[in-house]
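Written below as structure tokens is the structure these notes are about.
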Amino acid sequence: MQFFLDTANLEAIKKYAAWGMVDGVTTNPSLIAKEGVSLEKRIKEIAEVVNGSISSEVIATDLDGMLKEARRYSKWHKNVYVKVPMTAEGLQAVQILKKEGIRTNMTLAFSSAQALLAAKSGATLVSPFIGRLDDIGEDGMNVVGEIVQIYRNYGYKTKVLVASVRHPRHVVEAALIGADICTMPPEILEKLIHHPLTDKGITMFQNDWEKVKKLQK
Ligand code: E4P
């Protein structure tokens with residue numbers, strides 16, 4: 001499973017890219033607003049750090065506006081994937097952009113039916129938002145399972161990018177289901193590495209080593 005970072009924070013991207021764990025980055029208007037930066041500048045900065053897919057989201061909701069923004073974004077860097085919302089206009093945009101060779105990430109998907117439409121339109125990626133589904137008492141991971149099964153049934157090429165990840169267990173469950181990609185906030189990636197028994201084990205080994213240290217050459 002590929003790991004994407006769900007952030008526009010350059011320092012975090014640099015830190016975790018150095019771990020060798022960042023295959024791509026997803027941004028959205030809220031994440032860009034949090035950083036208070038220009039979208040174009042930040043996408044270009046990220047592209048210098050990460051050699052992988054970088055999602056940049058359109059703001060327009062009409063077809064022409066989406067296409068204009070998508071074409072502009074795609075000129076910024078060869079790794080830009082244009083995030084397009086799951087709407088009728090978005091589905092049309094995805095089909096047109098595919099013909100132009102522009103890769104897309106169909107975002108704000110909350111059902112397997114929507115993901116089926118994204119695949120039929122030829123989206124490169126589809127992003128089911130599982131945390132937001134869990135937040136309203138639904139089962140986000142169940143939707144991911146349905147999408148993976150549907151895509152397998154028909155051999156759709158669209159990749160499943162699990163988004164809106166809230167905790168490490170979401171990452172593990174996405175991997176168990178066989179999702180292609182999981183995008184996660186930096187703090188979730190950080191949490192994946194830690195286990196209290198690992199820390200306890202290191203301390204115990206160090207303490208025991210102290211007892212025989214003087215016997216070593
Ligand atoms: C995905 O690409 C989105 O940026 C993101 O996962 C949304 O997550 P949130 O529900 O935590 O805002």
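Counted by Cβ distance under 14 Å from V144, the other residues give a net charge of -1, where Lys and Arg count +1 and Asp and Glu count -1. Restricting the chymotrypsin sites (Phe, Trp or Tyr not before Pro) of the range 1-65 to loop positions (DSSP other than H, G, I, E, B) with no more than 16 neighbouring Cβ atoms within 10 Å leaves W19. Counted residue by residue at 0.36 nm each, then reduced by the alpha carbon distance between them, the extension gain from Y154 to R132 reaches 5.2 nm. Per residue of the chain, the DSSP helices (runs of n ≥ 4 H) give a summed -39500 (n - 2.57) that works out to -16500 deg cm²/dmol at 222 nm. Here the calculated FRET efficiency for M204 and L176, from their Cβ-Cβ distance with R0 = 35 Å, stands at 0.65, rounded to the nearest 0.05. Evaluating 6.51 cos²θ - 1.76 cosθ + 1.60 at θ = phi - 60° for every residue in the range 100-110, the Karplus couplings come out as 8, x, 9, 7, 10, 10, 7, 10, 6, 9, 10 Hz, glycine and proline recorded as x. Once the C-beta distance of A88 and H195 is scaled by a Förster radius of 41 Å, the resulting FRET efficiency is 0.35 to the nearest 0.05. Amide hydrogen proximity for R103: with H placed 1.01 Å from N in the peptide plane, the residues at 5 or more positions away or on another chain lying under 5 Å are V82. Using θ = phi - 60° in the Karplus curve 6.51 cos²θ - 1.76 cosθ + 1.60, the 3J(HN,Hα) couplings for the range 3-16 round to 9, 10, 9, 9, 6, 10, 7, 5, 4, 5, 4, 5, 4, 7 Hz; x is entered for Gly and Pro.
Here the range 2-216 is assigned +1 on the Cβ of each Lys and Arg and -1 on the Cβ of each Asp and Glu. Its dipole about the Cα centre then comes out at about 680 debye. Between D139 and D62, the modelled labels are 4.3 nm apart [label points 7 Å from Cα along Cα→Cβ]. Near A70, once Lys and Arg are set to +1 and Asp and Glu to -1 for all other residues with Cβ below 13 Å from its Cβ, the sum equals +2.
When Lys and Arg each count +1 and Asp and Glu each count -1, what net charge do the other residues less than 14 Å away from A118, Cβ to Cβ, add up to? Every neighbour counted, the sum reads +3. Put simply, the amide H of K159, placed in the peptide plane, has neighbours under 5 Å in L125, V126, leaving out anything fewer than 5 places away on its chain. Placing R0 at 22 angstrom, the Cβ-Cβ distance between E48 and K98 gives a FRET efficiency of 0.20 after rounding to 0.05.
Every read-out reported here was derived from the displayed coordinates using simple, explicitly stated rules and does not represent laboratory data. Values in this document were obtained by computation on a predicted structure and should not be read as measured data. For neighbour counting, all protein chains shown are included, and Cβ atoms are generated from backbone atoms with ideal geometry for every residue, glycine included.
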